[in-house]
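This report refers to the structure that appears directly beneath it.
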């Protein structure tokens, strides 16, 4: 409960931030995600396709440097193979990255930028588990769990690092690597962490 309270306090803070010196924008994109396992977890995984999008504030510190808090929805998870069975795990997050962004070159023309910073995410909805055997698939929905049972923990945090291109003052293309640092495994043995590449298009109003 304490983690959930901290998450929503941060969410409210970002939503009520002063926007006098900030540029507001939206972004939409897609990601390829998977899990990173410790050696004690034996599972053959593949990348899973997901969608994402959200809103952001771009607070200009100077002509080239900005701080960019965001509120994003993103689908993550992994595909896996185990013996003769295939399946997937689908997770849905609200993520709050706070990125430091530096733009190179002439801001009136096409230019590139780099960015990076921490994020915190919280699982929403249900965890979707799909199992397929001999062409037949079953889907099960379970709750996120913090108590040490089967389902992943709802809280996630880590780093986002990326680069992109500003097409003009309004349109940008962004690619970032999501490095999860939180162990999602609610059981005692082994660790499971999120990994993803997220590519999106942003529009600043």
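For the reader, a short list of remarks on this structure follows.
- Per principal axis, descending, Cα span of region 75-135 in whole Å: 57, 23, 16
- Net lengthening on full extension, residue 161/residue 86 (0.36 nm per residue, minus Cα-Cα): 23.9 nm
- Rule-of-thumb Rg ratio for region 58-205 [Cα; 2.2 N^0.38 Å; N residues]: 1.26
- Order by protection proxy (mean Cβ within 10 Å, highest first), peptides 53-64, 190-201: 190-201, 53-64
- Rounded to whole Å, sorted largest first: equivalent-ellipsoid semi-axes of region 26-120, Cα gyration tensor: 35, 13, 13
- Potential extension, residue 38-residue 98 segment - 0.36 nm per residue separation minus Cα distance: 18.8 nm
- Computed E for residue 60/residue 177 - FRET, C-beta separation, R0 22 angstrom, nearest 0.05: 0.35
- For region 52-100, fraction of C-alpha pairs farther apart than 15 Å, in %: 61 percent
- Each Cα pair of region 128-194 feeds into the Kirkwood radius, which the Stokes-Einstein equation turns, at 25 °C and 0.890 mPa s, into a diffusion coefficient of 162 µm²/s.
- Backbone N under 19 Å from the residue 73 label point (7 Å along Cα→Cβ), restricted to region 169-205: 198-203
- Segment residue 26-residue 112, extension gain: residue separation times 0.36 nm, minus the distance between their alpha carbons: 29.1 nm
Bear in mind these aren't lab numbers, they're just calculated from the coordinates by the rules spelled out. Quick caveat, the model's predicted, so the values are computed rather than measured. Please note: Cβ atoms are built from the backbone with ideal geometry, for glycine as well, and neighbour counts cover all protein chains shown.
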